[in-house]
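Beneath this line is the structure, given in structure tokens, with notes to follow.
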Amino acid sequence: MSDSRSLWTFQDAIEHLIDTSRGTGGGTDERRIARRAVLAAYREFPLRDDWGYFKRRGQFITEASQSTGTIAYDHSGGDHERMLTLSGATWPDNARYGAVIIDNEHYLIEDRKSSTVATLRYDSNPGSDVASGTSYVYYRNVYPVPTDFRIGSQPLEFDQSGRPLSYVSPEDFLQLLSVNDSPQSWINAYTIRGVTDDYNTMAFELTPPPSDAMTFTYLYQADPRPLQMFGSSAEYSTGTISVSGTTVTGTGTTWEERMEGCVIRFPAAGSSTVPTGIYGVYDNDNPAAEYRIVTSVASTTSLTIDQALSGTYSGVKYTIGDPLDLDYHVMLDAFLAFSEWKYSRLLKEERQVINDKEASWAREFGKARAMDSRTPGEQKFALPRYHQFYAGDPM
């Protein structure tokens, strides 16, 4: 990364609230409320506008349908309830997102137990045994979105008539699927819905079910990287570190994989206290000399950073904390003002103070929205013909 010193962390945002509210910084309740305000603002801020920074590219590749081999279904009393055994082929690794057609009826797979055994859902099964040697068709039309997915755009793909895929509501989707119920080499509609038994997970669902492997690309509005706590603190600073190249070795540390992507701060020469952000913290004004990003955690005492450091560090204190996943050039001031307003309300400050914070947030939000516009004033070049086709204009 070009300049990690510009990164703000979860801890920095908490300290900012304490400073701007003239708090003492020493009270547990004060820090807990500040933390709550930052988290509330961080969760809501991306929803306040269609921010360019949160537009991410997603992609999924469909799995081909299969009908190789035969199946037998044991409704009850076998090694598993509602057990579907496949002979002469294997179930795909992601079979739990798929379905099988048996005697023209569609049944949803609950789980893949092994390469040849799957189970059907309690509310989607034949209801009685099915003899071995029965033919079947397996397909998958459910494709989970990334974990940071919030709102998706139209997949950049076309149906068999050359038209962009249509989004339909989950209710209308079921009606379409009842008509387009056999796997095809083309798709004409999709919906986005929650995945059964995968909590807080959304997925694309396609109709007709795909018979071939096809690649679908789309844009989506993402949620920011979640902010973590390390015990009762927004930063981890247990033990000491020494650095060689991009390898950081800890003494007395218990590092975890979840620290990947976190900011690690290194102290100024001669410092005997933990490094802080550029503004310091209550009772410890010790701005870090260097910041880097943790790219991997090999063990509880070894991690790798994104770039080698300028200074030399041996047996020194450090901090590890989550960065704020924001476009600092555009969003930071607005986000901090939003956090201040949330904090003021949680503290139940005087009405005039809360109103002033809200007005300040509104001003900063307006400036951020203006700066977030990165499109040119006019189109300088003619778009290619495929864009005209995609937009539905005459060729």
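The values are calculated or read from the model by the stated rules, or taken from the named source; none is laboratory data. Remember, it's a predicted structure, so these values are computed and weren't measured experimentally. Cβ atoms come from the backbone with ideal geometry, glycine included; neighbour counts cover every protein chain shown.
Things to note:
- Checking each residue in region 277-302 for being small (Gly, Ala, Ser) and at pLDDT 95 or above picks out Ser296, Ala298, Ser299, Ser302.
- Qualifying residues in region 108-141 (those that are among the polar types (S, T, N, Q) and part of a loop (DSSP other than H, G, I, E, B)) - the one farthest from Ala213 (Cα to Cα): Ser128
- Once region 354-367 is narrowed to residues that are surrounded by 15 or more Cβ atoms within 10 Å (Cβ to Cβ) and not basic (Lys, Arg), the residue that is farthest from Ile18 (Cα to Cα) is Phe365.
- Residue in region 170-188 that is loosely packed, with under 13 Cβ neighbours inside 10 Å, hydroxyl-bearing (Ser, Thr, Tyr), outside the structural domain of Val274 (by TED's automatic domain parsing) and in a loop (DSSP other than H, G, I, E, B) present: yes
- Conditions (1) within 20 Å of Ala234 (Cα to Cα); (2) within 24 Å of the chain's Cα centre (by Cα); number of the one not met by Tyr318: (2)
- Region 130-185, subset closer than 27 Å to Tyr199 by Cα and more than 27 Å from the chain's Cα centre (by Cα), residue modelled with the highest pLDDT: Tyr138
- Leading residue by the ranking (surrounded by the most Cβ atoms within 10 Å (Cβ to Cβ)) among those in region 273-287 that are assigned to a loop (DSSP other than H, G, I, E, B) and β-branched (Val, Ile, Thr): Val274
- Top-ranked residue in region 56-107 [being within 30 Å of Arg225 (Cβ to Cβ) and among the basic types (Lys, Arg); ranked as surrounded by the most Cβ atoms within 10 Å (Cβ to Cβ)]: Arg96
- Residue check, Ala64 among the hydrophobic types (A, V, I, L, M, F, W, C) and assigned to a helix (DSSP H, G or I): no
- Among residues of region 126-148 that are in contact (Cβ under 8 Å) with a residue 12 or more places away in the chain and more than 22 Å from Asn180 (Cβ to Cβ), those with a beta-carbon under 9 Å from a residue that is among the acidic types (Asp, Glu) and outside any loop (DSSP other than H, G, I, E, B) at least six positions away or on a different chain give the pairs Pro126/Glu105; Asp129/Asp74; Val130/Asp74.
- Scanning region 13-33 for residues that are under 20 Å from Ala362 (Cα atoms) and in a helix (DSSP H, G or I) returns Ala13, His16, Leu17, Thr20.
Yes or no, residue by residue, for (1) surrounded by fewer than 14 Cβ atoms within 10 Å (Cβ to Cβ); (2) within 23 Å of the chain's Cα centre (by Cα); (3) on the phi > 0 side of the Ramachandran plot; (4) not assigned by TED's automatic domain parsing to the domain that holds Asp29:
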residue: Thr215; (1), (2), (3), (4): yes, yes, no, yes
residue: Ala234; (1), (2), (3), (4): no, yes, no, no
residue: Ser244; (1), (2), (3), (4): yes, no, no, no
residue: Gly250; (1), (2), (3), (4): no, no, no, no
residue: Thr254; (1), (2), (3), (4): yes, no, no, no
residue: Cys262; (1), (2), (3), (4): no, yes, no, no
